[in-house]
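No value in this document is a laboratory result; all are computed from the given coordinates. Note that this is a predicted model, so its numbers are computed, not measured. Reconstructed Cβ throughout: ideal geometry from the backbone, glycine too, with neighbour counts over all protein chains shown.
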Amino acid sequence: MKGMNKVAAHSGSGEDKRASRSPRRSNTENGEAADGAKDRQFVTALARGLRILGCFSSTHPELSGTEISTMLGLPQPTVWRLCRTMMKLGYLVADGEDRLRPALPALRLGYTVLSGMTIGELARPHLQELAEEIGGAAGLAVRDGAEMRFIERCESDSQLLMSLRVGSRVPIATSALGWAYLAGLPDDQREALIEEVKPEPKIWKKAEPQLRSTLKSFERDGFILNDGVLHPGYVTVAAPVIGNDGLPVFAVNCGAAISVVKPGVLKTKIGPHLCDLAALLESVVSFADPKMLDIR
Amino acid sequence: MRPISTGGRRKRKAASIANRPRKTQSELPQGDRQFVMALARGLEILSCFRNAKMDISGTEFAAMTGLPQPTVWRLCHTMMQLGYLIPSNGDRMRPGIPLLRLGRAALASIPIAAKAHDRMNALADKFRAAVGLAARDGARMVFVQQCLSEAQLLMNLKVGSRLRLATSGVGWGLLAGFEKAEREKLIAEFVASDSRWPKVEAAFRNEMAAYAERGYILNIGAFHQGYNTIAVPIMGPDGKPAFGLSCAGAAVTHTASFLRREVAPELLKVAASLEKDLQDEARGRAPRRKQDQRV
């Protein structure tokens, strides 16, 4: 599925904070080359200009031309030409020392539309895309006590779905969403929360070894993969969305009936795409605007 | 790949577009061979969202920008691949999350916008009003902070919303801070495109004169009947107005005398404290720059 490239293309900057705990893969580097080679409709000059704009974030409000060309792996003269065009149009301004920053007209590029949306509304089209890719459902959830509560959920037109909707809850201890949330926590806080939410021994005896081994593979993959352990016949991938303080704010997941999922795609495609979405949402929460994080 | 128009003719279109990159070259403005037209056009398409319109179709983009449909299609296709445009409602598109981040980065370079929030919010609550802080971008005032009370009648202005410099209360507030000559220069430069100006010019002149005496401007139903505004300039460390700060509400509740007696003193207090912040900011920046250089 091509669409998720777009998410990957912008997950590059500002995620340094998560690098230690979840090694998220990103196709940033080869994204452009791949697009350009396959796709004759692709306008490279525009793509490069937008990639330059994408370098700026709350963590990098100012950048020099040299820094941009390093970040993107583009030649300096190319970067310079594109920046000059955007300066001419008013989207970038330079201060005396060759530092560039986005200027007020940048707000014209859709900010007024987006700034009024909640995180659920922003995530919705991406969740829908994932739901269709996997042939099941995808959701965004927030922790609520010992449970994860869905604040957004999208379904494909598949017949076999878990019966969940916005407002539904799943236990932290025995759901991929909850495990993703746990995986996003620093070690000590994770263990404390596990103590707090673990279910009766009969269930826990079965679930805990699974959780432990999944947490280990999270270190490598950046997402939680649940291969029909929690619900026989249903597979799920999930990933935490980490806030500015380094703690998980949300978790995203997507899942489908085992019978509709091609073996292998969870690990090679859907998991990485889910990570890209988590990274994209992190760029939203990293500048926590309480209104946007309004999760009812 | 998502088609913007119906898919049937796409192949033919694609072929004709592929042969055309040279045309873009020849359309470059004379004298600036460094200008990247494809980028400029893509940004022009994105800026169609400025009026807070939620989603726009390819055909509408073409009409709004005056660009040929196949060009629009290619540019939109590229921006969808990158997530700057997201398909919504069939063949329509809406802006994507990376633009949100870009907008925030632009705001991050105006630290006063975030700093002013609590003080503006207190004003909004106290006077059940809409309080806005806006900076000038050419002929427009762009809101960089906006606080609304829960009052019923409020202009629906968000951060990023734009009003005309010469025909908005917050624009008048900014203009009042300039020396007369400079103000007239700005007016001359920017009113030509503003059809509402002739109607409000007299009121504008009165308010600029009154500003010299009382330190704020009032706008009593001049742009929107039944809606009154009080505004002041926020002077930057260079002695020029950097922002306009406005407070507005329904004419019924926010009468001229209410704005004058109750709101003006508080608004001026907030303005003074923001001016002090701007000065501190400017002082704080100088030494830090030097440090940067050393590193």
* Asked: Peptide B:135-143: average number of partner chain Cβ atoms within 10 Å per residue?
  -> 3
* To do: Determine the shape class of segment A:89-185: with a ≥ b ≥ c the square roots of the Cα gyration tensor eigenvalues, call it rounded for a/c under 1.5, and otherwise prolate if a/b is greater than b/c, oblate otherwise.
  => prolate
* Highest first, please rank the peptides A:101-108, B:231-238 by the mean number of other Cβ atoms sitting within 10 Å of their residues. => A:101-108, B:231-238
* Asked: Can you give the direction-averaged projected area of the convex hull of the alpha-carbon atoms in segment B:85-213, in nm²?
  -> 10.8
* Partner chain Cβ atoms within 10 Å, averaged over the residues of B:82-91 - can you pull that number for me? => 6
* Structure fact -> Filtering trypsin sites (Lys or Arg not before Pro) in segment A:36-85 by DSSP loop and by at most 16 other Cβ atoms within 10 Å leaves A:Arg40
* Asked: Across peptide B:105-115, what mean number of C-beta atoms from other chains lies inside 10 Å of a residue's C-beta?
  -> 6
* Structure fact -> log10 I(q)/I(0) for segment B:129-193, Debye formula on C-alpha points only (no solvent), q = 0.13, 0.19, 0.24 Å⁻¹, two decimals, reads -0.37, -0.70, -0.98
* Rounded, prolate or oblate: which fits segment B:110-289, taking a ≥ b ≥ c as square roots of the Cα gyration tensor eigenvalues, rounded meaning a/c under 1.5, else prolate when a/b beats b/c? -> oblate
* Proportion of all alpha-carbon pairs of segment A:193-288 beyond 19 Å (%) -> 48
* Using the per-residue mean of other Cβ atoms lying within 10 Å as a proxy for protection, in what order, highest first, do the peptides B:61-69, B:107-115 fall? -> B:107-115, B:61-69
* To do: Count the lysine pairs in segment B:171-295 whose Cα atoms lie under 30 Å apart, taking only pairs 8 or more positions apart in sequence or on different chains.
  => 13
